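Asks: Take this structure first; my questions come after.
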Amino acid sequence: MKLWNELNYERRQQYFGARKQGLSERASLNYVDLEDTRKELVPKYTCVLGAAAWEVERKNYEAWSSFRGLLKAKSKGKLPPWTRNVSPPGYWKDEETGRRKLWILVRHEMYTVDPEAKVIYISRYNLRLRFAGEVRWYGKQERMEIWYDDARRAWYASIAVKVGAETTRNGTKPPHILQGERRSIEVARPKGDKVAGIDLGVNILASVVVGDGAWIIYKGARLKEDYFYFEGRIARLESEASRAKSAGDEKKYNRLRAEVRRLKRKWTARRLHLYRNLASHLIHGLWERGVSKVYIGYPYDIAQERGNKYSVNIWAYRELVGAMEAKAREYGISVYEVLERGTSSHCAYHEVEVRRGPRGVVTCPVGDHKLHSDLNGALNILRRGSGVLVEGNLRPLSFIVDHNGVAPTNSIASKKGGNAQNPGTYPT
Ligand SMILES: [Zn+2]
């Protein structure tokens, strides 16, 4: 694989260049510019390889990422005992026998698998490959790797499968589902058939209403702190880097860019960690309450919201939904996404437009009753998804999501000087 070797050559040059200057392994890794090398080299190959060129790059990128992970483990003394030496990704050597050699990478939408006829069909090359063996997992197919093993004198294919992912966001069946035997990695079955609606937000990361009348909220204060801390540092470093560049200080510029990349990775990792804590606490709690179906608002408003710079990153919300979906699969809970448009601006009980007041309280013109906006959002999502409308004087069970877990806090209602919901004034 020429592209692999060329990419890897550049990346190794950057790495060993820094090592020669006496930098540590981990510090040297920051000099490997995965972005630039990709932009420079991949386009040279796309005319020949097509999309496969990007797949090769991704594979190489993953190899470098796992190298980074190993170094981190090494620094903490957590390397598995059989791993004596950690070294950066190597080259594909054609002359060596018995070694797994990469032949081709095929993107998920470029092939189909027929598990009964035992045929893999790759449309781009009009290739039909017969295979032996069984297809084990059921789910969305991802990249396929095909390689030749010299020692066994046989071709092999492996397919990455997103287990359990069977439908797309709007509920239609995607065309590239691998129909293996097992659908999900399930550790439990739902205890009941209750439903829950989840409204994702910024200050309140998740506001959850359960069909039995429970209201649970998760506060996002820690995430917000992290956001300001990381975004601030990154912005300062970036402007320092651009000053260094215009001053012609290449060395300083590279050092600063490497630091920016390191911070971005760290910030993503911390965010994901918080999301997983939340997902794990929430889904387990819902399972205990006997929930079997969960409706999550697709954060249309969050993406559009102004004045909350950190909320515009829609990918962060996909991360959160992804963490919840993964956890829900373990408990056999189904997750549906509900388009959130209008859910925060209309009363869940009367479907008329509400007035937004201070402290996140909305007022409905019908009977002039008040609702906490996060409660209203979750009620609307639950109603839209399942048809269930929860009534009554709901008081929140409140939690804060932190890096070392999830802890209960005081009710938002008591702190903010007002009722989350104005009891008794809304007609049923
Ligand atoms: Zn109303």
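What follows is calculated from the coordinates using simple rules that are stated; it is not laboratory data. Model, not experiment: these values are computed from the prediction. Here the Cβ is made from the backbone with ideal geometry for all residues, glycine too, and neighbour counts use every protein chain on show.
Asks: Find out how many positive minus negative residues lie around residue 382, taking Lys and Arg as positive, Asp and Glu as negative, among other residues whose Cβ is under 11 Å from that of residue 382.
Replies: +3
Asks: Moving on. Defining a contact as two alpha carbons under 8 Å apart and six or more residues distant in sequence, what relative contact order in percent does segment 194-415 show?
Replies: Over segment 194-415, the number comes to 29 percent.
Asks: Let me ask another. Give me a comma-separated list of calculated 3J(HN,Hα) values for segment 338-355, in order, Karplus coefficients 6.51, -1.76, 1.60 applied at θ = phi - 60°, integers in Hz, x for any Gly or Pro.
Replies: Listing the rounded values in order: 10, 4, 7, 3, x, 5, 8, 9, 10, 5, 5, 8, 10, 6, 10, 5, 9, 9 Hz.
Asks: Moving on. Take the residue pairs 39/266; 39/251; 327/370 and return only those whose Cα atoms are more than 29 Å apart.
Replies: The answer is 327/370.
Asks: Full-extension gain between residue 129 and residue 66, please, as 0.36 nm times their residue separation minus the C-alpha to C-alpha distance.
Replies: Answer, rounded to one decimal: 19.6 nm.
Asks: Does segment 194-415 come out rounded, prolate or oblate by the C-alpha gyration tensor, with a ≥ b ≥ c the root eigenvalues, rounded set by a/c under 1.5 and, if not, prolate when a/b is larger than b/c and oblate if not?
Replies: prolate
Asks: May I pose another question? Quick one: Karplus J couplings for segment 255-261, per residue in order, coefficients 6.51, -1.76, 1.60, θ = phi - 60°, nearest Hz, x for Gly and Pro?
Replies: Running phi through 6.51 cos²θ - 1.76 cosθ + 1.60 with θ = phi - 60° gives 5, 5, 4, 4, 5, 4, 4 Hz.
Asks: Something else about it: Would you mind calculating the gained length between residue 341 and residue 250 on full extension (0.36 nm times residue separation, minus the Cα-Cα distance), in nm to one decimal?
Replies: 28.0 nm
Asks: How high is the FRET efficiency from residue 228 to residue 91, r the C-beta distance, R0 41 Å, rounded to 0.05?
Replies: On the way: r = 43 Å, r/R0 = 1.05.
So, using R0 = 41 Å, E works out to roughly 0.40.
Asks: Please give me, ordered by residue number, the trypsin sites (Lys or Arg not before Pro) of segment 323-414 that lie in loop per DSSP and have at most 15 other Cβ atoms within 10 Å.
Replies: On the way: sites: 327, 329, 341, 355, 356, 359, 370, 383, 384; in loops: 341.
Passing sites in segment 323-414 are 341.
Asks: Residue 73 versus residue 23, label points 7 Å from Cα toward the beta carbon: distance in nm?
Replies: 2.4 nm
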